[in-house]
Structures are given as structure tokens and as C-alpha cells.
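A short worksheet on the structure shown next.
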Amino acid sequence: MDIITVTEVLDSIANQALRSVLEAEENVQGYIDSREKWVEEQLTGTLTFPLTEVPETLKIALIDIVAFDCYKKNDATDVPNTVRDAYKEALKAINNIKSNNTIIDPEQQPDTSIQFTVATKFFTEPL
């Protein structure tokens, strides 16, 4: 499905030692493939796959989920709270997309801009 890339996931991992291990093992693509399949299963019926354009909300959520998987599946590294929290928020985002509580298509977003109307008086006779 190719929603995210290995580079995007590795860039989201702050732990340099873990990044080095992941780059050497080349397991990240497997984590991505597995989670992209999971996302497609979760969102079929809400979104049409394959996606022609990937919503930013979905992309960020998927990167956070795969980054968590990278930490979790590497026994030598504890999962930082920031990564764990991002993972939880990402799962919420996926559930919100699934239940149509998140607008992911800008075309669907209501216009919330404020428009001002200025009243103008026209005088035909001098005062």
C-alpha cells in the first residue's frame, strides 16, 4: 500500500542505538507492511483503498504506530513514554477515522472562516 517509508519511521525514532539496529536488521519494512495491512482492514468501508492521496492524519498515526512496534519488538530498548503516548494517540486517531469522527479530507471540512460585510452608504445629494 505504501503509505509511509522506512526513512520516515527511522526519522521518528530518537534513540540512535535503536535506529542503528533497525537499519542493520532491515525489519522496519516488515513492520510497515504489517501495520499498513492492519490499517487497511480497520478502515475499509471508511476509506477507499488503494488510497490515491494519503491523509496527513493517517500518515502520522501510522508512523507513530510503527515506531512503537520498532521499540516494542527490540527487547534491548525500553519504550519511552513519549513514544507510548504517541502510539495511544495514533490508535485513537485510527478509531476516530473509522467512526467518521475525524475529517481527513479537506474537501469535507466545513468552512469556519469569518466573513465580514461592510455596509456602504451611497449619497446622491450633498449633505
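Pull up the range 66-86, narrow it to residues that are in a loop (DSSP other than H, G, I, E, B) and at pLDDT 85 or above, then point me to the one that is farthest from GLU23 (Cα to Cα). Per the stated criteria, the residue is PRO80.
Go over the candidates LYS73, LYS59 one by one and state the one that is under 9 Å from the mean Cα position of the chain (by Cα), charged (D, E, K, R) and under 20 Å from GLY30 (Cα atoms). Break it down stepwise before answering.
Working: LYS73 fails: under 9 Å from the mean Cα position of the chain (by Cα).
The unique qualifying residue is LYS59.
Any residue at all in the range 16-29 that is within 21 Å of GLU89 (Cβ to Cβ), of a type in the set (A, V, I, L, M, F, W, C) and not in a helix (DSSP H, G or I)? Checked against the condition, which is being within 21 Å of GLU89 (Cβ to Cβ), of a type in the set (A, V, I, L, M, F, W, C) and not in a helix (DSSP H, G or I), the range 16-29 yields no hits at all. The residues in the range 66-84 that are of a type in the set (D, E, K, R) and either within 16 Å of VAL9 (Cα to Cα) or in contact with a strand residue (DSSP E or B) (Cβ under 8 Å, 6 or more places away or on another chain) (or both) can be counted, and the count is 4.
Here is a yes/no grid of residues against (1) surrounded by 10 or more Cβ atoms within 10 Å (Cβ to Cβ); (2) more than 18 Å from GLU8 (Cα to Cα); (3) at pLDDT below 65; (4) more than 16 Å from the chain's Cα centre (by Cα):
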{"site": "GLN42", "(1), (2), (3), (4)": "yes, yes, no, no"}
{"site": "GLY45", "(1), (2), (3), (4)": "no, yes, no, yes"}
{"site": "VAL54", "(1), (2), (3), (4)": "yes, no, no, no"}
{"site": "ASP64", "(1), (2), (3), (4)": "yes, no, no, no"}
{"site": "ILE97", "(1), (2), (3), (4)": "yes, yes, no, no"}
{"site": "ASP111", "(1), (2), (3), (4)": "no, yes, yes, yes"}
{"site": "ILE114", "(1), (2), (3), (4)": "no, yes, yes, yes"}
{"site": "THR117", "(1), (2), (3), (4)": "no, yes, yes, yes"}
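Of all the listed residues (LEU58, LEU18), the sole one being buried (at least 17 other Cβ atoms within 10 Å of the Cβ), in contact with a Phe, Trp or Tyr (Cβ under 7 Å, 6 or more places away or on another chain), in contact (Cβ under 8 Å) with a residue 24 or more places away in the chain and within 20 Å of TYR87 (Cα to Cα) is LEU18. Return yes or no: is LEU10 at pLDDT 90 or above, among the aliphatic types (A, V, I, L, M) and assigned to a helix (DSSP H, G or I)? Answer is no for this residue.
The values are calculated or read from the model by the stated rules, or taken from the named source; none is laboratory data. Model, not experiment: these values are computed from the prediction. All Cβ positions, glycine included, derive from the backbone under ideal geometry; neighbour counts span all protein chains shown.
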